[in-house]
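This report refers to the structure that appears directly beneath it.
Bear in mind these aren't lab numbers, they're just calculated from the coordinates by the rules spelled out. The structure presented is a predicted model; accordingly, all values stated were derived computationally and were not measured. No Cβ is skipped: glycine too gets one built from the backbone with ideal geometry, and neighbour counts run over all protein chains shown.
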2 protein chains.
Amino acid sequence: MSSLDNLKSSIISQFGTPCPVIDLDVVESNIDKAQRICDNAGVANRPHIKTHKSPLLAKMQIDAGAKGITCQKLGEAEIMADAGIDDILIATNIIGAARSGRLASLQKKLSLKVCADNKVSLSEYSKAAEAANRPLDVLIECDTGQKRAGVEKPGEALRLIELIIKDKWLKFTGLLYYPPLDGWKDTQIFHDDLTKKLNGLNLKPKIISTGGTPNFANIGKLNGATEHRAGTCIFNDMMMVEDGFAQISDCGFRVFTSVVSKANDNRGILDAGSKTLTSDTGGLKGFGYITEYPEANIIKFSEEHGFLELKDCKNKPSIGDIVTVIPNHVCVAVNMVDKLVMVQNNKIIKTIPVAARGMLV
Amino acid sequence: MSSLDNLKSSIISQFGTPCPVIDLDVVESNIDKAQRICDNAGVANRPHIKTHKSPLLAKMQIDAGAKGITCQKLGEAEIMADAGIDDILIATNIIGAARSGRLASLQKKLSLKVCADNKVSLSEYSKAAEAANRPLDVLIECDTGQKRAGVEKPGEALRLIELIIKDKWLKFTGLLYYPPLDGWKDTQIFHDDLTKKLNGLNLKPKIISTGGTPNFANIGKLNGATEHRAGTCIFNDMMMVEDGFAQISDCGFRVFTSVVSKANDNRGILDAGSKTLTSDTGGLKGFGYITEYPEANIIKFSEEHGFLELKDCKNKPSIGDIVTVIPNHVCVAVNMVDKLVMVQNNKIIKTIPVAARGMLV
């Protein structure tokens, strides 16, 4: 038996399937690669922990050189802070979480960095900071083409920054960008315009943040950027393979799943469905890549069933076979389970909790 | 302020957003309706708990008259058994879970009903039953058109049943059908053929199970059916509204979410994205129904952002407003969180754990 076959036997006897597995060597190599990319570009690394939601992995990123971490939910930040991580940026408007009193509670414990693109967020942040009796560091989220959140004009950013300066409970700390892959020139134009306006007020933001794993291809191209936040690169997935950032061998997360049914030679059923791998296609065809059967397609999910199409397969899996699936989008797949099995050299080391998942806020 | 506005204030101050909320009155009414439908059709009710994954709600279903429950994962069955529920059908091939030893462990504690459509499953079930020293009740899963799992011919079912009969650790208990909405006639033909074959062997299955909430429209149409398993009906969702089974007012699960950003009047961002409501569209347009703004569309998700399109709205929500979203597919949305907030008459009663979620197996 190959060592992968041995691992499959160990997984099935200790955990059963479906089983989400991360490979420590690949994860470590991915962490180092991200750090090296940031180092080479001369920007600090602030990895986005939304991908793994694990304090243990966040600490590995910090030990490798990351300046701090990025979270997308207050609940994630709470878990990371409990684990002793103290440089945390929450990269989104968190109005609901602020109003719950939990932002103030966390800000009492440590100095957070939060983001805003509107006055309501600023007002809630101010109240939370006052309740915590500690001013909040605020970044203004700027949209240079994603059409998601963020102010769309430098003048709007300026008006919010002026509000921050007038507010004794808020500190203007920086600018948060998430440039589209082909939008870095536009981001530079936006940033230069805003910088000129800020110079007029004698303001120099401490943090200019860019984001995204695919944007590692552009890192350093924004003159003025001080740090980068990327999430997916710790595990990678089929989106990153499609993007060209990663190879299959760079994918550190796989779901071990059993073929549990085969009505005929050309179709089968996996015991991993949308409640394991999610319905998120990441814009790709199908629902993940089966490493042992690259010609097989997962064409559909129900909640606990993956629909296998095998007509293009030379060799076909049989009922009872275990296959390993790399998801299209790893950030949402990790989020489905309470723990991950960590392996190294095809041997099980331990399980680690996905500690920051399942939070309401 | 309306009582819903008061509830929104309570939700935001106690929990923040996004917050998954179930309405006890609607849930109780839905449980009663499902029971009544089964009673009227003369079949037992065996609700599928994959939708709520909550022992508390499962017990409410049993108290209302359900004979037992249906699970889709061994991990769900373990949680339900721990809570004292002892009539459990696991409605799928669970090869991986059987090989982990956990099927045997649970079977030691109580007599489970499991399903198979192939010899490998039967072999694993036999080993698990022997390890538990208690024979397993086995239903044969039959596919009459879903093209998912299940034997496609009565003769195949018969061959598996013959294997069961020869195995001292397995007991042939019944047949599991999941007829397509328009496939009940074909199911009857399949069932009559198989019944004739079984009569020849002097075998009479105790359980003939049909399934699905939309199939309540057909319940009773399969001559011979003894029980029905439906999941979604406890909460309902936009798929059930589209199907005609439910009205908006029958939807007992909503996500309370804040508008956290608005770049302009015609678009906005909710703090509920694919990690809250999931990428599962249920085949419908958009990603859920906003009860306060029926003309608003959730056109896209990123992980923690819902992309609002507001151009067709007469009244438009502002930043900081809380809206309530009914998901397209409730079973996968409930599965995203560790707890649900239960309300009655727009007042918070308590939180209940989604105890059986996050399981690997």
Assigned charges on the beta-carbon of Lys, Arg, Asp, Glu; the protein assembly as shown dipole about Cα centre (debye): 900 debye
Given backbone amide H placed at 1.01 Å from N, residues whose amide H is under 5 Å from that of A:VAL354, ignoring those fewer than 5 places away on the same chain, are A:LYS339, A:LEU340
Find which of A:SER279, A:LEU340, A:ILE299 sits farthest along the positive direction of the dipole of region A:267-361, computed with +1 on the beta-carbon of Lys and Arg, -1 on that of Asp and Glu, about the Cα centre. A:LEU340
What's the center-to-center distance, using Cα atoms, between region A:25-45 and region A:48-83 in Å? 15 Å
Compute the angle between helix A:184-200 and the longest alpha-carbon principal axis of chain A, please, reported from 0 to 90 degrees and rounded to the nearest 10. 20 degrees
With -39,500 (n - 2.57) per DSSP H segment of 4 or more residues and division by the full residue count of chain B, the 222 nm estimate, nearest 500 deg cm²/dmol, is -9500 deg cm²/dmol
Quick check on packing: order B:345-353, B:231-239 by the mean number of other C-beta atoms within 10 Å, highest mean leading. B:231-239, B:345-353
Going by average Cβ density within 10 Å per residue, which order do the peptides B:48-56, A:303-311, B:21-29 take, highest to lowest? B:48-56, A:303-311, B:21-29
Shielding by partners - mean other protein chain Cβ count within 10 Å, residues of A:85-97: 5
Compare the Cα positions of A:ILE95, A:CYS115, A:ILE37 along the charge dipole of region A:28-161 (+1 at Cβ of Lys, Arg; -1 at Cβ of Asp, Glu; about the Cα centre) and return the one farthest towards the positive end. A:ILE95
Where only alpha carbons of chain A are counted, the Rg and the Dmax (Å): 22.0, 72
If you project the alpha carbons of region A:48-230 onto the principal axes, what extent comes out on each, in Å, largest first? 39, 37, 27
at B:LYS166 the sorted inter-copy label distances (label 7 Å from Cα on Cβ side), in nanometres, are 8.6
Dipole axis of region A:48-230 (+1 Lys, Arg; -1 Asp, Glu on Cβ), positive-most option in A:ASN199, A:ILE165, A:ALA230: A:ILE165
So how strong a dipole does region A:48-230 carry about its Cα centre when Lys and Arg Cβ are +1 and Asp and Glu Cβ are -1, to the nearest 20 debye? 280 debye
Estimated distance in nm for a label pair at A:MET1 and A:ASP265, the labels positioned 7 Å out from Cα along Cα-to-Cβ: 2.9 nm
Ranked from fewest to most other Cβ atoms within 10 Å of their own Cβ, B:LEU360, A:LEU110 fall in the order A:LEU110, B:LEU360
Inter-copy label distances at A:ASN133, 7 Å along the Cα→beta-carbon direction, one decimal in nm, shortest first? 6.4
Could you let me know the centre-to-centre spacing of region B:101-171 and region A:161-222, using Cα atoms, in angstrom? 61 Å
Between copies, how close do the A:ALA64 label points come, placed 7 Å along Cα→Cβ, listed in nm from shortest? 5.0
If you take every DSSP beta bridge whose two residues both sit in the protein assembly as shown, what share of them, in percent to the nearest 5, is antiparallel? 50 percent
Could you work out how far helix A:24-41 tilts from the main Cα principal axis of chain A, as a 0 to 90 degree angle to the nearest 10? 30 degrees
Mean per-residue count of partner chain Cβ within 10 Å for A:352-361 equals 5
Size of charge dipole - chain A - debye, nearest 20, with Cβ of Lys, Arg +1 and Asp, Glu -1, no other charges: 980 debye
Closest approach to the A-B rotation axis by any Cβ of A: residue and distance in angstrom? A:SER279, 2
Per residue of B:119-132, other chain Cβ atoms within 10 Å number on average 1
Just grab the label-to-label distance for A:ASN315 and B:LYS314, each label 7 Å out from Cα along the Cβ direction, in nm (one decimal). 6.5 nm
Pairing the Cα long axis of helix A:119-132 with the longest principal axis of chain A, what angle in degrees results, from 0 to 90 and rounded to the nearest 10? 90 degrees
Virtual spin-label span in nm between B:ILE165 and A:THR291, 7 Å along Cα→Cβ: 4.5 nm
